[in-house]
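Everything below concerns the one structure shown next.
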Amino acid sequence: METTLITQLSTWKQLQAHQQTLNTVHLRDMFAEDSERFAKFSIQACDLLLDYSKNRITSETMNQLFQFANEVKLQDWIKRMFQGEKINHTEQRAVLHTALRYQGNEAIEVDGHNVVPDVQAVINKIQQFVTQVHEAKWIGHTGKAIDTIVNIGIGGSDLGPVMVARALKAYYHPCLQCHFVSNVDATHLGETLKLLNPETTLFIVASKTFTTQETMLNANSARQWLINKLKDESAVAKHFVALSTAREEVIKFGINPDNMFEFWDWVGGRYSLWSAIGLSIAVMIGMDNFSKLLNGAYEMDQHFLNTPLENNIPVIMGLLGVWYNNFFGAKTHVILPYDYALEYFPAYSQQLIMESLGKRVTREGQVVDYATCPITWGAPGNNGQHAFYQLLHQGTHIVPADFIVAIEGQYDLPGHQDATLSNAFAQTLALMKGRTEEEARAKNMAEDILPHRLFPGNQPTNTLVYQKLTPNILGKLIALYEHKTFVQGVCWGLNPFDQWGVELGKEMAGQLLPEIQAAGAVTAHDASTNGLLNYVKAHRA
Ligand code: G6Q
């Protein structure tokens with residue numbers, strides 16, 4: 001169906017013209033001319049401070065971005081998502097990760113069915129299970145308490161849980177440890193199995209479809225390992241539980257459906273850590289803390305749903321991303337947590353953002369004539385400074401960045417937090433200001449290498465500040481990025497909730513597997529693929 005691409009909208013054209021007036025304006029001059037920039041371009045909400053004043057914007061820019069958001073009917077789309085409309089139209093599914101953390105009293109319906117009690121029933125089941133493990137009432141086959149859990153899953157069934165579990169290590173139950181196995185190459189599982197005592201290990205097989213090749217292979221190998229060690233197939237019942245939407249597949253695998261924690265097709269993989277997929281998190285941090293995580297996300301949901309665009313954090317961050325991506329030609333976006341507990345947050349965000357927005361046709365199937373998702377990357381702040389920040393300071397690309405900064409760290413070691421904070425803010429200052437020739441000379445820098453000592457600055461940054469990374473704050477932070485991603489999906493006219501690219505990989509791997517396993521030369525493909533397969537076949541034992 002032909003529709004109006006966003007590039008035809010009047011607000012888009014207006015933004016293009018407006019960008020021309022700002023293209024050569026330097027952030028340092030904007031700050032020099034207006035001492036109120038921080039007051040104008042910062043928001044405190046949901047226990048977060050967002051300082052977006054170090055962006056190449058004026059009040060006029062923001063007004064125009066909000067007008068654009070209105071023209072693409074952002075607020076309608078937000079409501080449609082929260083109300084359970086099937087906005088994931090290519091899979092005919094509602095998108096209701098927000099229902100998983102809903103704390104209100106209204107019904108949320110999918111096909112006329114209220115899903116809120118279903119969600120609560122699974123939360124209750126998780127709660128019971130967590131209590132049983134913590135109180136050593138869920139015991140292993142040989143009568144020993146569980147002290148280790150291993151989540152086996154990949155993509156959305158891994159990245160959220162592993163990121164949150166890493167972030168909330170300070171909240172772990174003292175008698176439990178956890179591992180996450182995702183990769184299909186035997187190293188990941190093999191190295192993990194070496195660390196495990198079969199009598200005290202519980203495997204959590206996390207897979208929405210329960211057919212994903214990597215997860216099923218890892219789960220089957222773990223199952224075989226357990227049976228070999230405990231010399232009894234019935235041991236599986238006490239050492240394996242499943243998180244899935246696919247009951248029949250779980251039964252086929254040999255897990256009793258009583259040991260299955262259910263979720264639903266309206267929970268997207270990369271949005272699923274709030275569902276049964278979060279079981280490993282709940283076991284490790286306890287149900288109270290898991291509820292605080294859900295609560296934090298709910299508070300951000302309410303902020304997103306009810307706050308006017310002008311004060312809405314996910315909306316502002318989303319629109320700023322569009323501003324750089326489409327009007328300044330920024331190709332990437334970097335996420336830099338100054339909180340080591342958020343070590344895996346960039347990797348998690350990569351999936352969230354790039355799997356949602358790495359698309360080239362609109363909802364109506366029209367090929368876009370504008371850039372969509374920026375390449376998203378990142379690493380913990382200080383480590384990045386000694387690695388890739390050079391490119392941010394003196395490279396040729398505009399790289400909008402999110403600095404995520406904790407006021408208090410997880411551990412109270414003298415001097416560490418001051419060093420962290422000074423580094424974070426020094427970087428945003430340096431990226432904004434740069435260093436001019438005049439300033440370099442004032443510091444007596446040698447003339448012959450002067451050009452090498454100059455920094456253009458004018459790199460845009462957002463800074464998000466929170467008190468301390470608690471489960472509640474983490475819930476808010478994750479929900480913020482989920483909603484920011486949704487905002488950009490609406491702006492670019494995309495369906496952020498399907499992932500046909502992932503499906504293609506799954507399908508092709510399924511095709512090649514029997515060819516790798518069969519005897520004889522492979523001839524069915526292009527010369528490269530045939531050549532690679534045949535080379536490997538000829539060279540392996
Ligand atoms: C996420 C994607 C994808 C998915 C994995 C695992 O949104 O759909 O990353 O989570 O492919 O799928 P299963 O949970 O079905 O094993």
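Just so it is clear, none of the values below were taken in a lab; they were calculated from the coordinates. These numbers come from a predicted model, not from an experiment. Methodologically, a virtual Cβ is constructed for each residue, glycine included, from the backbone with ideal geometry; neighbour enumeration extends over all protein chains shown.
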(message) Suppose we flag GluC sites (Glu not before Pro) only when DSSP calls them loop and at most 10 other Cβ atoms lie within 10 Å. Which is the longest uninterrupted stretch of the chain?
(response) 136-541
(message) I need to check one value: relative contact order of the chain, counting alpha carbon pairs closer than 8 Å and at least 6 residues apart, in percent.
(response) 19 percent
(request) Of the options 353, 266, 309, report the single residue whose Cα projects farthest towards the positive end of the charge dipole of segment 259-415 (beta-carbon charges: Lys, Arg +1; Asp, Glu -1). (result) 353
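Among 360, 93, which comes first, then next, by fewest other beta-carbon atoms within 10 Å?
360, 93
Quote the charge dipole size of segment 69-214 about the Cα centre in Debye, to the nearest 20; the model charges only the Cβ of Lys and Arg (+1) and of Asp and Glu (-1).
With only Lys, Arg, Asp and Glu charged at Cβ, the dipole is about 240 debye.
About its Cα centre, what dipole magnitude does segment 4-72 give when the only charges are +1 on Lys and Arg Cβ and -1 on Asp and Glu Cβ, stated in debye to the nearest 20?
Dipole size: approximately 200 debye.
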(request) Give me D for the chain in µm² s⁻¹, whole number, from Stokes-Einstein with Rh from the Kirkwood sum over alpha-carbon pairs, 10 °C and 1.306 mPa s. (result) 63 µm²/s
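Which ordering of 260, 163, 508, 216 is given by a fewest-first count of other beta-carbon atoms within 10 Å?
Working: 260 21, 163 26, 508 11, 216 18.
Listing 260, 163, 508, 216 from fewest to most nearby Cβ atoms yields 508, 216, 260, 163.
Starting from the exponent 0.38 and prefactor 2.2 Å, build the expected Rg for segment 275-426 from its residue count and divide its actual Cα Rg by it.
1.21
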(message) Output needed: percent of Cα pairs per 10 Å distance bin for segment 1-71, bins running from 0 to the one holding the longest distance.
(response) 17, 40, 30, 11, 2
(request) Kindly express, to the nearest 10 degrees and within the range 0 to 90, the angle between helix 527-539's C-alpha long axis and the longest C-alpha principal axis of the chain. (result) 50 degrees
(request) With 22 Å as the limit, write out which pairs from 144/292; 40/73; 137/476; 144/194; 137/238; 144/238 have Cα-Cα distances beyond it, or answer none. (result) 144/292; 40/73; 137/476
(request) Just name one of 82, 121, 138: the one whose Cα is farthest towards the positive end of the charge dipole of segment 80-138 (beta-carbon charges, Lys/Arg +1, Asp/Glu -1). (result) 138
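Starting from the Cα gyration tensor of segment 399-496, take the square roots of the eigenvalues, sort them a ≥ b ≥ c, and report rounded, prolate or oblate (rounded when a/c is under 1.5, otherwise prolate if a/b is larger than b/c, else oblate).
Working: a/c = 4.84, a/b = 1.46, b/c = 3.31.
Verdict is oblate for segment 399-496.
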(message) Show me, for segment 150-157, the HN-Hα J-couplings you get by feeding each phi into the Karplus relation (A = 6.51, B = -1.76, C = 1.60, θ = phi - 60°), rounded to Hz, glycine and proline as x.
(response) 10, 8, 10, x, 9, x, x, 8
(request) Give the shape of segment 147-220 as rounded, prolate or oblate, defined through the alpha-carbon gyration tensor: a ≥ b ≥ c are the square roots of its eigenvalues, a/c under 1.5 means rounded, and otherwise the shape is prolate if a/b is larger than b/c and oblate if not. (result) oblate
(message) Can you give the local net charge around residue 27? Use residues other than it whose beta-carbon is closer than 12 angstrom to its beta-carbon, Lys and Arg +1, Asp and Glu -1.
(response) +2
(request) Quick one: work out the % antiparallel among DSSP beta bridges in the chain, nearest 5. (result) 30 percent
(message) Can you give me the long-range amide H partners of residue 338? Hydrogens built in the peptide plane at 1.01 Å from N, cutoff under 5 Å, separation of 5 or more residues or another chain.
(response) 381, 404, 405, 406
(request) Place a +1 charge on the Cβ of each Lys and Arg in the chain and a -1 charge on the Cβ of each Asp and Glu, then give the dipole magnitude about the Cα centre in debye, rounded to the nearest 20. (result) 660 debye
(request) For the chain, build the charge dipole from Cβ charges (+1 Lys, Arg; -1 Asp, Glu) around the Cα centre, then report which of 242, 46, 406 sits farthest towards its positive end. (result) 242
